């Protein structure tokens, strides 16, 4: 039986205890079953709200990818102008993540997150306008809002589900990945069903964000401000925080580099464009179950260094195969890379939630890791593309990618320490 007391959102001095219709507090209810349900309800409400939040954290961004070519043609955009619409969110993640913990501490997690959902709806609505300047503004709003959501979600998990950090992280990462996949697979069919008007495919995700906003409104009942002490030691001077940030950065670089270049590498190796696109789909699809299972596997293995080694096996198989036998067993390499990248993002988020000494530290740690991580990730596709242009070969860039994964593995061994990080 789950420890519902450990999972229940804390009630602080700034929060009124929920009362029943007679005015009695839930804790004074006479029926034990009713008391149990009243204690469990906030936990279930927060879990549902968290999953709705996660569903909005990637879909709104990913939906632009399949539509990009048509958007560029219809608006007569240059490659740089079109690329800006997909690059801005990642830059927002890198630049703005470091400021997100202050918002959570100043206004409370619930108020901050519901505000960000409202901004996601506004940003996506602006992107659906069909006017390039307005779309850029909407993309900035969208990217900034999701940057804050990225950072504060591990803190919400750490605070509201302290005994189930790995399980809840697995659930919300799975839903986040599923939202991205649904957005990618549905964008073109929705556009085609609307006589080729891609604005409807973008606008639909504004509606999804509004639904999330409405469902988050009851969570404001449990609004509270963080009650932490003043910062004692800056995380920027904490060696353990840097190891975790390095791990987060390496896995982010691997993912964004893979999304950008996996299909082209297969195509350049002599495969058809259709099969290369299918292999990219395999890469993405296998990341979804991996994102769910990895935190459960990691928490189930007592020796965390062994757990980290086990989860890296698909990458240590997939990347060398990708380099030296690209077309021999392409589906195996795409599957291994997908399993590896899906595992690493959920493990990174799990470690951020588990290693913070308290929810406030988890938020600050999340801000540091994601700021450094996404700035590093933004360089990956550009760096690897430039190396390919210079060398006219993918072998050296892929060997460097294997080096990045090796550094990631070493950082992961250190980042998985059971010691708590304090700030």
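Readers should treat all values here as calculations from the given coordinates under stated rules, not as data from a laboratory. The structure displayed is predicted, hence computed values, not measured ones. For neighbour counting, all protein chains shown are included, and Cβ atoms are generated from backbone atoms with ideal geometry for every residue, glycine included.
Some notes on this structure:
- Fewest-first ranking of 215, 369, 336, using other Cβ atoms within 10 Å as the exposure measure: 215, 336, 369
- Sum of -39500 (n - 2.57) over DSSP H runs of 4+, divided by residues of the chain (222 nm, nearest 500): -27000 deg cm²/dmol
- Degrees, to the nearest 10: 304-324 long Cα axis against longest axis of the chain: 20
- Nitroxide proxy distance, nm - points 7 Å out along Cα→Cβ at residue 237 and residue 95: 2.9
- Region 214-339 - Debye-derived log10 I(q)/I(0), Cα point model, q = 0.11, 0.17, 0.20 Å⁻¹: -0.59, -0.96, -1.11
- Taken along its three principal axes, the alpha carbon spread of the chain comes to 72, 53, 38 Å, from the longest extent down to the shortest.
- For the chain: relative contact order, % (alpha-carbon pairs under 8 angstrom, 6 or more apart): 24
- Label-point separation, residue 386 to residue 84 (7 Å along Cα→Cβ), nm: 2.1
- Cβ-Cβ FRET estimate between residue 316 and residue 357, R0 fixed at 35 Å, reported to 0.05: 0.60
- In plain terms, the residue of 60, 406, 245 with the fewest other Cβ atoms within 10 Å comes first and the most crowded comes last, giving 406, 245, 60.
- Relative to the longest principal axis of the Cα atoms of the chain, helix 359-391 runs at roughly 0 degrees.
- Rg/Rh for region 34-222 stands at 1.01; both radii use Cα atoms, and Rh follows the Kirkwood definition.
- Computed E for residue 68/residue 300 - FRET, C-beta separation, R0 25 angstrom, nearest 0.05: 0.05
- Angle of helix 79-96 to the longest C-alpha principal axis of the chain, folded into 0 to 90 degrees and rounded to 10: 40°.
- When only alpha carbons of region 235-415 are considered, Rg and Dmax amount to 16.3, 52 Å.
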